[in-house]
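Note sheet for the following structure.
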Amino acid sequence: MAACCAGVTLAGAGEPHFSSELRFNAFGYRHDSEREADNSAFESDLRLDVSGSRGDHLRYRVVPQVRFDTTDRSDPWTIEWEEDGADRPLLTVHEAVLAWYGDRVEWVVGKQFFDWGSGDGFKPADNLNPYDWVDLPIAEKIGVSALSLYRFGESFDAQLVLVPWFTPARLPAADNRWLPSDAPLREAYRRAVGSDPVVVDGGHERPAHATDTIQAAARLASSTLVTGWDLALTFYSGHDSIGVLRTDAVPPDLVVTRVHPAYTEVGLSVATTLGEWSLHAEAAWHDTDERMLDDDYIEYVAGLNRTWYAPLANALERITLSLEYAGETVTRSRPADSPYTGAAFARGLTGAVLGHIELQWTERVGLEIAGAVNVEAGDFRVKPSLAYEPVDGVELEAGIDIFEGPCDSFFGGWDRNDRVYLLATVRF
């Protein structure tokens, strides 16, 4: 099993290595939005990658990042290391690590990314990095300042991670079309009080920066303990990065405050092969510390994937198929009189089929169709896209995002956000 540590490839010995990546994203929406004035958006993202080493054991990597957009999702006056603000900073360090390698030990300190889990589209135990959800279809992880110790063993590998500062997930603001509707909260208030509320933003209650709020995680992984199987056991103790909402009725106001419950989680993942098929499964039990704030539940996913080479009489170079089922079982519900409710973007896949199929004509041209459907609710998302690499270092992708379903369902809440998009990436 490959090491799942800092998620970076550090340069070898010698002089520093420099590379850059410039990304342009353009979107056009089909419908008007009550939150955003424009039906088009443009984003740019520039990253400079500097990496190198000192001696045989010490390596480093620094990736400064500059972002700009036309929808006020980036703050043009903000420079941040810890990306814990409501808006994306104009300038940040996407990643910055210093690593020391021994024969069997790897120490990594700095702003890092982690990738824990065996799933393709959903990983229940992958909780160390929060996500930037301001553009739901292309949500990305946010780097966290962490200390990681990785030990390579003969029978299993072990990793311990400490994250001293809490970083919340970045959610859409009030003027962002991806902010879910507050209609369910309004309807509950209307039934209880008998009148329409004025929804007021109560702010954001974050865990204090203190020694008792340090997030800790551990992972044991083995590819040899059971022949033919990759196994991993994970543990996490920290705070929910998305959080829950506390609703306080102060007629005629309904004050909504975002809160981050503390919890512990234990996860198990397995992966193996059956002929030409790769199989995987993963489950994680989420145990909330303060019972009034949130449920206890088990999230799980199971899936398979396969690649066919030179299929259809060599008409294609390859076809890749991935299918998964993701679900949830609540083991303890929050009390009925709790003032807390679940926030959007969390726990939306309570019984969903996820999948994608990729048709690759050449290394430069490919078509992918990806999607997810919640079986019981009947809501879904589908994304067909075409990727083309006209020259080395330039990648283009054009596609369509489609959301459908009842307005109170997970994907259906964004059914007016269907859009076409063009992504361009230039590496030099």
* So, in Å, what gap is there between the alpha-carbon centers of the stretch 245-297 and the stretch 167-227? -> 10
* Asked: When a footprinting reagent is the concern and you count Cβ atoms within 10 Å, what order do I242, I357 take, fewest first?
  -> I357, I242
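If the only charges are +1 at each Lys and Arg Cβ and -1 at each Asp and Glu Cβ, what is the size of the charge dipole of the chain around the Cα centre, to the nearest 20 debye? Walk me through the intermediate numbers first.
Working: 36 positive and 68 negative charges, 91 e Å.
About 440 debye.
Ordered by packing density, taken as the mean number of other Cβ atoms within 10 Å over each peptide's residues, highest first, how do 82-89, 333-340 rank?
Values: 82-89: 18.4, 333-340: 13.2.
So the peptides 82-89, 333-340, ranked by packing, come out 82-89, 333-340.
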* To do: Based on a Kirkwood Rh over C-alpha pairs, give the Stokes-Einstein translational diffusion coefficient of the stretch 269-395 at 37 °C and viscosity 0.692 mPa s in µm²/s.
  => 187
* Along each of its three principal axes, how wide is the spread of alpha-carbon positions in the chain, in whole angstrom units, largest first? -> 68, 51, 49
* Under a cut-off of 30 Å between alpha-carbon atoms, report the lysines in cross-link reach of K383, not counting same-chain residues fewer than 8 places apart. => K123, K141
* Once you've got the GNM for the chain with C-alpha springs shorter than 10 Å, pick whichever of A218, A188, A96 has the biggest mean-square fluctuation. => A188
* **Which of T288, W165, P207, positive extreme of dipole for the chain (C-beta unit charges)** => W165
* Structure fact -> Fewest to most Cβ atoms within 10 Å: W107, W414, W133 sort as W107, W133, W414
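For the residues W178, W81, what sequence is obtained by ranking on other C-beta atoms within 10 Å, fewest first? Write out the running numbers ahead of the final one.
On the way: W178 22, W81 14.
Neighbour counts put them in this order, fewest first: W81, W178.
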* Hz values of 3J(HN,Hα) by residue in the stretch 37-51 - Karplus curve (6.51, -1.76, 1.60), Gly and Pro given as x -> 7, 9, 9, 9, 8, 9, 9, 9, 8, 10, 10, 10, 10, 10, 9
* Set the Förster distance to 35 Å, then compute FRET efficiency between D253 and S145 from the Cβ-Cβ distance, nearest 0.05. => 0.40
* Most mobile listed residue (A372, A313, A326) in the chain, GNM with C-alpha springs under 10 Å -> A313
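Values quoted throughout were computed directly from the atomic coordinates according to the rules given, and no laboratory measurement underlies them. Predicted model, so just to flag it, every value in this text is computed and none were measured. Positions of Cβ are backbone-derived with ideal geometry, glycine not excepted, and every protein chain shown enters the neighbour counts.
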